[in-house]
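Just so you know, all these numbers are worked out from the coordinates, no wet-lab data involved. If you're wondering where the values come from, they're calculated on a predicted model, not measured in any experiment. Cβ placement follows ideal geometry from the backbone for every residue including glycine, while neighbour counts extend to all protein chains displayed.
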Amino acid sequence: MVGFTEQVQRLRAAELGRDLFTIPAFEMLLDLYTCKRRQPRSLTALTAASSASERNSQRIVHRMAERGLVMLQRDPKDGRRIIVDLAPETRTLLDRFFDRLVELVALEPAPDQNGC
């Protein structure tokens, strides 16, 4: 379901325009959720996953940190670099979100002959 959601995000951007139809916070949460093999994620690398400008993406990351969705820490090897990771509660929240998404898809009735 996570992969499907990422495909939907890419399709939405390709068909409707990445500049107009954006949801940068969710894009960055998805990136963190799926990037265990790419850890650690720097703030700069994470903002590249967003459809918003780098400056706006950084603001969004800081707002997510204030709300406890992500954790920020200085890189011990390079104090100028900020490392971003999901808070454990956010990983649980996203697990639950995708479980509910699977349930919704399973319950969705097939379209009738008119495609409605």
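In terms of surrounding Cβ atoms within a 10 Å radius of their Cβ, LEU101, LEU32, LEU11 rank from fewest to most as LEU11, LEU101, LEU32.
How would VAL84, VAL102 line up from fewest to most surrounding beta-carbon atoms within 10 angstrom?
Ordered by Cβ neighbours within 10 Å, fewest first: VAL102, VAL84.
Here's how it looks for VAL70: its modeled amide H is under 5 Å from those of ALA65, ALA87, which are all 5 or more places away or on a different chain.
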